[in-house]
Structure formats: C-alpha cells, structure tokens
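S.K.: Can you keep this structure in mind? I'll have questions shortly.
The values are calculated or read from the model by the stated rules, or taken from the named source; none is laboratory data. Keep in mind it's a predicted model, so treat the numbers as computed, not measured. Note that each Cβ is placed from the backbone with ideal geometry, even for glycine, and that neighbours are counted across all protein chains shown. Ligands, DNA and RNA are excluded from the accessible area calculation, which covers all protein heavy atoms including side chains. Shrake-Rupley method; radii C 1.70, N 1.55, O 1.52, S 1.80 Å.
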Amino acid sequence: MAANNRRMSGKKGAQVGSGGQRRKGLEGRGPTPPAEMRKGHKKNRIANAKAKQAVRRPVARGRGGKSASELVVGRNPVVEALREGVPASTLYVQQFIDNDERVREALQLAAERGGINLMEAPRPELDRMTNGLNHQGLVLQVPPYEYAHPEDLLDAAAGEGEDPLVVALDGVTDPRNLGAVVRSVSAFGGHGVVVPERRSAGMTAGAWKTSAGTAARTPVARATNLTRTLESYKKAGLTVVGLAADGEVELGDLEALEGPVAIVVGSEGKGLSRLVGETCDFRVRIPMPGGAESLNAGVAAGIVLYEAARRRS
C-alpha cells in the first residue's frame, strides 16, 4: 500500500481555473507567412540562396547596357512600388519585424505577383545594405533596367510599318519627368525615348512609378553621345526637332511632324545644350498665351506628341 500511495501522491487534484490564459494562448497569430518566409522551410533556403546570388552577380551588358540595381527603402515606398508594378527581384524583411498593415500588404503583393524572392534578414544586415537609411524593416531590390540601343527604336517603327516617332531628352535629370515622357510616348503612339548615358535621369523606381506601367512596353534607349545619335537619326531620314522657348518655328506650323521625327526636349532651366541645339533641323516653340516662361519636360513632350499624333491620324 505504501508504494501505491507514493504513486498516487504525484497526481494533481482539482485546481483553480486559468482565467482564460490558455484560451488566449490558442488564439491565432494572423495569416501563416509564405513558405519563403518560414525559417527552415526548403523554399526559404532556396529564396535566400537566390537573393544572395542576385546581389553578388555582376551586371551584364546588353546592346544598350544595364543600369545598376536599386533599393527602395521604407514601408510606404516599398508598398507603393509594389502597388505600381515596379519590377522587383527581392523583398527583404527584417527578422522579428512588427507585423503592421503595411508589412502584411507588402508580403501579400509580393506573393501575388510571383517571381519575387522573400528574404528574412537581421537589422544590422539591412542597415549595411541601405547605408544606415531608415528602412523600417522593409527593403525592395529593383533589378537593373536593360536599356535598348537607339537603333532599336527605328527598327521597332519599321517593324510596325510606321514613320519613327522618338523623343530624346537632353539634360533632363528628374526621373519623374522621364517617367512622364515615357507615358506620353506610349499614349500617342511613339516608338521610344532616348536618354544620354551621363548627366541624365535613368529608369529608376521613381520613373517606373510615374510611367504608370507604360515603361513595360515603351523602350528607353541609352546613347553614349546624344549629338552623334541625333546625327545618325538624321542620316536615317528623321527630322530632328528641338523644343526651345525662343524657337524660330511655332509648333502649329511644323509640317515635319507628319513624317519620321525625333523630338528633343531640354531641361526646364537650361533648355537644349549648345551642340544638341546646333544639330536640330528646327527649333520649335510652343505658344503659351498664359505667359508661362517654360514647361517641364513631361508636359512639353506631351503637347508635341499630341500634335504629331493628330497630324498622323
């Protein structure tokens, strides 16, 4: 009996209730993270390996070259970039991040789009990647943009049986202006945009967002030397038209817009550079009865493209 009593003495009797603590412990912790985000999961290991290779892989050079990869930093910028369809290769998420609405939306958008690696990283690693910027635990890697060659735009027009309609930007450094021009070129049936390799806006995440998705179907070419590119366009039969506030020809009188044409837009402050201006066949002004001194590149290009589309219709 003594042994039996010892065995029985270890059993628990009736106890006071837990006060609901156990029930709270069983409550859910939100949606299950994607497999790529679950530590130890096979897809997580594969995603991490791909992300590391993408960061270390040297940039390949295409016909028009590629830009460097770019990082979008911060919860709001990352969510906005994903909403606008900005190309992305990897979404970095800080370990033990505070899972608020923006973080959940970023993960959901990345998962729905597909093709975006999800990689969990400690905060010191994200600090290093972003050079100490306030990333708020979210970093989106935008892959290098593959630029077309200036001749590709003429080939595209020939393939469609149309006269080339191209816009070249001279000294335009704001990516939002580049995105706006890309959007206008797409809207009015143009065949692409040419930007100089140096001292010019490139196809960054900001340009992609402003283009409202049209950058996916409207090529942007990069020219090593814009003046030489315009000279080659002239040899190919294009009329080079430069926009200038003091231009000799008014836009409404320019019959050249009915044929193959390259429209050159300068910066809002300095206008066309000297060599580019001398290369133009015509320097054209946009009449502004309201008295404004100048228009930004996106607006100016849109007006001229509309006039070209009207004349060609």
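S.K.: Can you tell me the equivalent ellipsoid semi-axes for region 127-206? Use √(5λ) from the Cα gyration tensor, largest first, whole Å.
M.R.: Three semi-axes, in Å: 32, 13, 12.
S.K.: Semi-axes of the equivalent ellipsoid for region 259-313, please: Cα gyration tensor eigenvalues, times 5, square-rooted, ordered largest first, whole Å.
M.R.: 19, 17, 9
S.K.: Show me the ranking of peptides 117-123, 185-191, 157-163 by mean Cβ neighbours inside 10 Å, starting with the highest.
M.R.: 185-191, 117-123, 157-163
S.K.: Evaluate the Kirkwood expression for the hydrodynamic radius of region 82-174, namely the inverse of the mean inverse distance over all pairs of different C-alpha atoms, and round to one decimal in Å.
M.R.: One over the average 1/r among Cα pairs gives 16.4 Å for region 82-174.
S.K.: Cα centroid distance between region 271-313 and region 131-181, in Å?
M.R.: Centre-to-centre (Cα) distance: 20 Å.
S.K.: What are the radius of gyration and Dmax of region 84-133, computed over its Cα atoms and given in Å?
M.R.: Both quantities, over Cα of region 84-133: 11.4, 30 Å.
S.K.: Please compute the alpha carbon radius of gyration of region 119-163, then divide it by the globular-protein estimate 2.2 N^0.38 Å. Two decimals is fine.
M.R.: So region 119-163 has a normalised radius of gyration of 2.16.
S.K.: Something else about it: When the C-alpha atoms of region 117-260 are aligned to their principal axes, what extent does each axis show, in angstrom, from largest down?
M.R.: 60, 36, 26
S.K.: Calculate the dipole size of region 208-313 relative to its Cα centre from +1 charges on Lys and Arg beta carbons and -1 charges on Asp and Glu beta carbons; express the result in debye to the nearest 20.
M.R.: Using only the charged Cβ atoms, the result is roughly 580 debye.
S.K.: Want the number for E197 to D155: 0.36 nm per residue separation, take away the alpha-carbon distance, what's left?
M.R.: 13.1 nm
S.K.: Calculate, for region 76-159, the solvent-accessible area per residue in square angstrom, rolling a 1.4 angstrom probe over the heavy atoms of the protein chains.
M.R.: The answer is 49 Å² per residue.
S.K.: I need the peptides 101-110, 256-265 ranked by packing, meaning the mean over residues of other C-beta atoms within 10 angstrom, with the highest value on top.
M.R.: So the peptides 101-110, 256-265, ranked by packing, come out 256-265, 101-110.
S.K.: Could you work out what % of the accessible surface of region 238-313 is carbon and sulfur, using a 1.4 angstrom probe and leaving DNA, RNA and ligands out of the count?
M.R.: Whole-percent figure for carbon plus sulfur exposure: 49.
S.K.: To continue, here is another question. Just the number, please: carbon plus sulfur as a percent of the accessible area of region 66-136, 1.4 Å probe, no ligands or DNA/RNA counted.
M.R.: Whole-percent figure for carbon plus sulfur exposure: 45.
S.K.: Cut-off under 13 Å on the C-alpha distance; same-chain residues fewer than 8 positions from K270 excluded. Which aspartates and glutamates are left, in chain and number order?
M.R.: Filter leaves D170, D246, E293.
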